[in-house]
Amino acid sequence: MTVLGSARVAAAEGYRGLSALALLAAAALPGPARAAAPNGFTIGLEPSLFTGRFGTHHTIHIYDLPLSVVYQHNRLLVRVELPYIAVAGAGIVAGQSVISGRGSGATRQGLGDVWVKAEYRLAHAHGAVPAIEPYVKVKLPVASYRKGLGTGRFDEEAGVRTVWRIGDRVFPYVQLGYRVVGRLPGLHLLNVMTFEPGVAVAVTPRQFVSVILIGHTPIQKRRTAVASAILAYNLRMNFRWELQLYATRGLTSQSAAFGAGLGVMAHF
């Protein structure tokens, strides 16, 4: 359920966002910010809270503590995210959705699903020509289906992100993907199109403000799409440390009504 990756494209399978619902999404700074990032590893920790009805008849709270490890080598970037989540309220967490309101409303906690993502930058943005970054990502079903922390099924997604550069400060981008959702008996899950348009603005060489829309088409029959708006702030404090703050607002009945988080990243 993390937006740390998505907002860093601007500086973001959300909440993962619903990274608690999708934010889910992109793991590198655009333009000169990404070019300035050294090859090597980045480790991030992002405590987050998302709350809302998620299309059910009761309020659900999702507490998310994802640990992310990112490896960058020139144009290649690989991201692994391992979350620990707690859910208060009946429902099954599925990527960027809560897909069922059945079950116990007691608080459940444990490991969330692991997401592995690889992306490759084909070309850097230059003038009117955008950077093109195809990606693939896979969900490893580590989360407990019995507890409602995951579906217990693999998901696979492929897509592409296009990043433009306007001067040295403004970086619009659009990410589109198609996710094959693991089926669960009786829940009629659907494959989804994921979307993530956004823009990052370099306030200073070390500070980015990002505005992002993130979500996907309905994951179940007779449900609406998931969509959330995100406002994020990134501060590169020094060569080693980076800080992110963000807030989300759900735009559909299936989304978290509100969410907020704090991300801390260390570069090695």
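The values are calculated or read from the model by the stated rules, or taken from the named source; none is laboratory data. Keep in mind that what you see is a predicted model, and the values were worked out from it rather than measured. Ligands, DNA and RNA are stripped out before the accessible areas are found, and what is left, the full protein with its side chains, is counted by its heavy atoms. Shrake-Rupley method; radii C 1.70, N 1.55, O 1.52, S 1.80 Å.
Normalised by the number of residues in the range 167-221, the mean separation of alpha-carbon contacts (under 8 Å, six or more apart) gives a relative contact order of 36 percent. Straight-distance candidates among the aspartates and glutamates for linking to residue 137, with alpha-carbon spacing under 17 Å and chain neighbours fewer than 8 residues away dropped: 13, 81, 113, 119, 155, 156, 157, 196. Applying the Karplus relation 6.51 cos²θ - 1.76 cosθ + 1.60 with θ = phi - 60° to the range 54-63 yields 3J(HN,Hα) values of 6, x, 9, 9, 9, 7, 10, 10, 10, 9 Hz, where x marks Gly and Pro.
Only Cα sites of the range 140-204 enter the Debye sum here, all with the same form factor; the resulting log10 I(q)/I(0) across q = 0.20, 0.22, 0.25 1/Å is -0.82, -0.90, -1.03, listed in q order. Residues 246, 145 ordered from highest to lowest accessible area at a 1.4 Å probe: 145, 246. With the convex hull drawn around the C-alpha atoms of the range 98-237, the volume per residue stands at 141 Å³. In order along the range 229-235, the phi-based Karplus estimate (6.51 cos²θ - 1.76 cosθ + 1.60, θ = phi - 60°) of 3J(HN,Hα) comes to 9, 10, 10, 10, 10, 10, 10 Hz; Gly and Pro are listed as x. The 1.4 Å probe gives accessible areas that order 115, 241, largest first, as 241, 115.
When the P(r) is computed for the range 187-268, the part past 15 Å accounts for 64% of the Cα-Cα pairs.
Residues whose amide H comes within less than 5 Å of that of residue 220, counting only those at least five positions distant or on another chain, are 190 (H built at 1.01 Å from N in the peptide plane). With a 1.4 Å probe and every protein chain kept in, tell me what percent of the accessible surface of the range 94-152 is carbon plus sulfur. With neighbouring chains kept in place, the figure for the range 94-152 is 64 percent. Computed from backbone phi with θ = phi - 60° and the Karplus coefficients 6.51, -1.76 and 1.60, the 3J(HN,Hα) list for the range 127-142 is x, 7, 8, x, 7, 10, 10, x, 8, 9, 8, 9, 9, 8, x, 7 Hz; x is used for glycine and proline.
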